[in-house]
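Written below as structure tokens is the structure these notes are about.
The values are calculated or read from the model by the stated rules, or taken from the named source; none is laboratory data. Fair warning: this is a prediction, and the values are worked out from it, not measured in the lab. Cβ sites come from the backbone with ideal geometry, for glycine too, and all protein chains shown count toward neighbours.
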Amino acid sequence: MIQDKNEPETASTPEDSKNAAGITVSDMEELISILKEKDTSAAYKALQELERISDETGALYGHTAEFADMIKSDKYVLRVRGFRLFCRQARWDKDYILDENIDEALLILKDEKPTAVRQALAALAEIVAYKPELRETVKEAVSDLNYMKYKETMHSLIAKDIQDVLDRIKAAEE
């Protein structure tokens, strides 16, 4: 039977029904599982897809605490992936999960890997845009960031990233 595209899709189970981003619950669970695997290429593709879903719908909001837990990982790639997805949930955060976890999440700004810090600084744009009550917390954490501990080649890059976050905060408050 051909389904009229204006009719809602019917599914045998909730896991088979597609959300607003056109993805099933079981597909999202699979992507989150891939996100945690060693295959960095597959994990990065999963991260990009999960970020796209997060931009379009709040379907991943229920996983915000899981993303916050990933930030505590011993593996820097998991910390970064978790932080990026944690920040992406800012627009959907009606239960203040980000607020409850922000202090611990911002510890990533003290990561030993400068690439982790740079990605974290970029991800903060979501929090700055959608969580005005967290801007001061973000501003303090970013302002306290000691980028001098990294290789000299990273200093100007991280300083620029910090300034970008501070500029976003200033623009959002005007």
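Take the residues in the stretch 30-65 that are part of a loop (DSSP other than H, G, I, E, B) and in contact (Cβ under 8 Å) with a residue 40 or more places away in the chain; name whichever of them is nearest to VAL128 (Cα to Cα). Step through it out loud before you land on a result.
Step one: of the stretch 30-65, the residues part of a loop (DSSP other than H, G, I, E, B) are 36-39, 57-60.
Filter once more, so that each one left must be in contact (Cβ under 8 Å) with a residue 40 or more places away in the chain: 36, 59.
Values: LYS36: 27, ALA59: 21 Å.
In this case the residue turns out to be ALA59.
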Selection status of TYR150, aromatic (Phe, Trp, Tyr), in contact (Cβ under 8 Å) with a residue 12 or more places away in the chain and more than 24 Å from LYS45 (Cβ to Cβ): yes
The stretch 162-174 residues that are among the hydrophobic types (A, V, I, L, M, F, W, C), paired with ones that are modelled with pLDDT of 95 or more and part of a helix (DSSP H, G or I) (beta carbon under 6 Å, 6 or more apart): ILE162/VAL142; VAL165/LEU121; VAL165/LEU124; VAL165/VAL142; ILE169/VAL128; ILE169/ARG135; ILE169/LYS139; ALA172/VAL128
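Give the residues of the stretch 81-113 that are of a type in the set (Lys, Arg) and more than 15 Å from GLU66 (Cα to Cα), sorted by residue number.
ARG91, LYS94, LYS110, LYS113
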Subset of the stretch 49-66 [over 15 Å from GLY82 (Cβ atoms) and not small (Gly, Ala, Ser)]: GLU49, ARG52, ILE53, ASP55, GLU56, THR57
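One line per residue, one yes/no per condition, for (1) under 13 Å from the mean Cα position of the chain (by Cα); (2) on the phi > 0 side of the Ramachandran plot; (3) small (Gly, Ala, Ser):
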position: THR57; (1), (2), (3): no, no, no
position: TYR61; (1), (2), (3): yes, no, no
position: THR64; (1), (2), (3): yes, no, no
position: ALA68; (1), (2), (3): yes, no, yes
position: VAL80; (1), (2), (3): yes, no, no
position: ASP93; (1), (2), (3): yes, no, no
position: PRO114; (1), (2), (3): no, no, no
position: ALA122; (1), (2), (3): yes, no, yes
